[in-house]
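Taking it in order: structure first as structure tokens, then the write-up.
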Amino acid sequence: MAAPIRVSFEFFPPKSEEMEKSLWEAIGRLAPLSPNFVSVTYGAGGSTRERTHSTVKRIVNETALTPAAHLTCVAATKDEIDNVIQAYRDAGVRHIVALRGDPTSGIGAKYAPHPGGYQHAADLVSGIKRIADLEVSVSAYPEKHPDSPSVQADIDMLQAKVDAGATRAMTQFFFENDRYFDYLDKVRARGIDIPIVPGILPVQNFKQMKSFAERCGTSVPRWLAERFDGLDDDVATRKLIAAAVAAEQVLDLVDRGVTDFHFYTMNRADLVYAICHLLGLRPARAEVPLSSLSQGARVPARSAGG
Ligand code: FAD
């Protein structure tokens with residue numbers, strides 16, 4: 001029997017009451033799809049750290065979801081980060097997404113580790129494992145992290161994170177599935193066998209996505225730009241196109257054997273919910289068998305007569 005589809009959802013901590021309301025609406029809508037886990041991102045400043053912590057705690061206390069708290073090495077001593085890890089453990093959190101993080105001056109600036117802090121993501125994974133036997137996920141970059149001199153250097157870092165105890169990687173978002181599979185081949189050739197879960201970004205806003213993609217090293221193919229061309233002021237059509245693009249991407253990944261997906265929700269449920277529906281997920285967890293999602297089943301073959 002085909003393996004079931006498993007999804008995880010990434011949220012960011014809200015900055016205002018209004019954003020808090022929309023976050024919880026999104027969580028409420030997506031929760032019945034029984035995600036494997038839901039993760040909450042982490043920022044470098046004190047107030048954003050606090051917001052991550054309170055959001056994760058609320059997920060623990062008020063929902064049946066399994067939270068994963070993101071944590072970075074940025075701008076903090078080892079002691080400070082260890083306190084955060086202990087606080088998560090004490091709050092009942094059992095899964096951390098361990099990252100190096102970006103410089104406080106923004107993506108693209110040269111990264112310098114805090115002199116008394118964890119030096120890089122692999123160092124942080126070791127630190128977490130020293131404190132508690134928590135599940136640790138990490139990042140992976142099918143198109144290479146911009147700081148990395150080569151794909152092989154990137155895979156060295158992934159290997160170091162796995163050696164330190166990471167058991168899953170979620171990828172940076174990408175649009176060309178071949179790039180994901182090329183990367184996966186290289187990772188497997190190195191002997192790394194943890195799940196490399198594709199990170200899927202439904203494109204809520206093409207302009208914003210493009211500017212972010214440029215900074216984080218994700219290529220935006222011309223065909224994608226063409227699909228959103230002329231829609232800057234047409235939110236409704238943009239949304240339909242975004243759903244179609246993401247649907248095409250995930251269904252192709254399914255056809256090629258992928259069963260786990262990590263969705264960058266941007267705290268909005270509608271597109272992600274629709275894509276999960278296409279993947280066969282239902283609120284009652286009545287899953288559609290993978291075989292019925294195959295290309296042949298989705299697109300009826302033309303009869304000889306055309
Ligand atoms: P790593 O895996 O540690 O490194 C990536 C690559 O950069 C490696 O190839 C390594 O060789 C190279 N590298 C690392 N450090 C150096 C260096 N000093 N000099 C030269 N090369 C170097 N950011 C947040 O702030 N908060 C979050 O919650 C968050 N969540 C994320 C979740 C996912 C799934 C992903 C993919 C990214 C997330 N990020 C987050 C972004 C991430 O912090 C940045 O991409 C950051 O620049 C790298 O951190 P990392 O742990 O991914 O990098």
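List of remarks:
- One chain, two ends: A3 and D178. Fully extended at 0.36 nm per residue, the span grows by 60.8 nm beyond their Cα-Cα distance.
- Distance in nm between pseudo-label sites at K15 and L231 (7 Å out along the Cβ direction from Cα): 2.6
- Over all orientations, segment 6-294 has a Cα convex hull whose mean projected area works out to 15.0 square nanometres.
- Potential lengthening between S148 and D79 on full extension [0.36 nm per residue; Cα-Cα distance subtracted]: 22.1 nm
- Pairs exceeding a 28 Å alpha-carbon distance, out of K186/K207; K57/K129; K78/K186: K186/K207; K78/K186.
- If R0 is taken as 30 Å, the Cβ-Cβ distance between T63 and K186 corresponds to a FRET efficiency of 0.20.
- Cα long-axis angle, helix 17-30 against the chain (0 to 90 degrees, to the nearest 10): 60
- Under the combined filter of DSSP loop state and at most 15 neighbouring Cβ atoms within 10 Å, segment 182-237 retains these trypsin sites (Lys or Arg not before Pro): R190.
- Alpha carbon centroid spacing (whole Å) that separates segment 201-233 from segment 150-173: 26
- Summary value for the chain: 21 percent relative contact order, contacts being C-alpha pairs under 8 angstrom separated by 6+ residues.
- In plain terms, the chain from D133 to A87 could stretch by 15.2 nm, reckoned as 0.36 nm per residue minus the Cα-Cα distance.
- Residue-count net charge about G45 - beta-carbon cut-off 12 Å; Lys, Arg +1, Asp, Glu -1: +2
- Over segment 117-262: Rg over Rh, Cα atoms, Kirkwood Rh: 1.02
- On segment 6-294, 51 percent of the accessible area sits on carbon and sulfur atoms, based on a 1.4 Å probe.
The values are calculated or read from the model by the stated rules, or taken from the named source; none is laboratory data. This is a predicted model, so every value here is computed, not measured. Reconstructed Cβ throughout: ideal geometry from the backbone, glycine too, with neighbour counts over all protein chains shown. The protein model used for the area step is the full one, side chains on, heavy atoms only, and it has no ligands, DNA or RNA in it. Shrake-Rupley method; radii C 1.70, N 1.55, O 1.52, S 1.80 Å.
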